[in-house]
Amino acid sequence: MSAKKSTKVLIDGKVYTLSGYEEEDYLQKIATYLNGKIEDFSQMEGYKNLSVDMKQVLININVADDYFKAKDLVEKLEGDMENKDKEIYDLKHDLISEQVKITGYEEQIEALEKEKKELLTIKSRLESTLEEALLGSD
């Protein structure tokens with residue numbers, strides 16, 4: 001386990017010390033995200049007139065909304081990934097089945113070529129025998 005780290009961050013004009021196992025850049029990223037949310041709300045008409053508690057509730061609701069939307073997106077993407085994995089599995093299975101068929105066809109072709117060669121040999125013998133018989137009867 002990595003060592004616990006502490007980092008000073010600026011959120012809404014106040015300095016806070018965040019502690020955790022994450023890197024300082026990550027903790028600063030969180031602070032930047034929260035500052036962005038606060039800035040978005042600060043530009044809304046009437047926000048400045050709300051109580052501190054109500055401001056915090058609105059920001060918390062907005063952060064929770066972002067979280068659940070991101071979580072839903074992750075679940076959807078994971079579902080899509082599972083579907084793609086199943087599709088890939090099915091395609092691989094189809095490919096193997098087709099390769100087995102091709103191998104069978106190749107074996108049939110070899111057997112037919114061998115049979116063709118044997119038949120050509122028999123044909124050649126028969127033609128020779130027929131020619132000899134025809135020439136011999138003259």
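The values are calculated or read from the model by the stated rules, or taken from the named source; none is laboratory data. Keep in mind the model is a prediction, meaning the values are calculated, not measured. All Cβ positions, glycine included, derive from the backbone under ideal geometry; neighbour counts span all protein chains shown.
Search the range 25-41 for residues being more than 14 Å from Asn60 (Cα to Cα) and hydroxyl-bearing (Ser, Thr, Tyr), and hand back the single one that is modelled with the lowest pLDDT.
Tyr26
Of all residues in the range 108-138, count the ones that are over 54 Å from the mean Cα position of the chain (by Cα) and part of a helix (DSSP H, G or I).
Total satisfying the criteria: 18.
Pairs needed: first member in the range 62-85, in a helix (DSSP H, G or I); second member anywhere, surrounded by 10 or more Cβ atoms within 10 Å (Cβ to Cβ) and of a type outside the set (A, V, I, L, M); C-beta distance under 6 Å; at least 6 residues apart or different chains.
Close Cβ pairs (under 6 Å, with a partner that is surrounded by 10 or more Cβ atoms within 10 Å (Cβ to Cβ) and of a type outside the set (A, V, I, L, M)) amount to Asn62/Lys37.
Does Glu131 satisfy being out of contact with any helix residue (DSSP H, G or I) (no Cβ under 9 Å at 6 or more places or on another chain), at pLDDT 95 or above and not polar (S, T, N, Q)?
Answer is no for this residue.
So which residues in the range 36-62 are over 16 Å from Gly13 (Cβ atoms) and either within 28 Å of the chain's Cα centre (by Cα) or small (Gly, Ala, Ser) (or both), if there are any at all?
Gly46, Ser51, listed by residue number.
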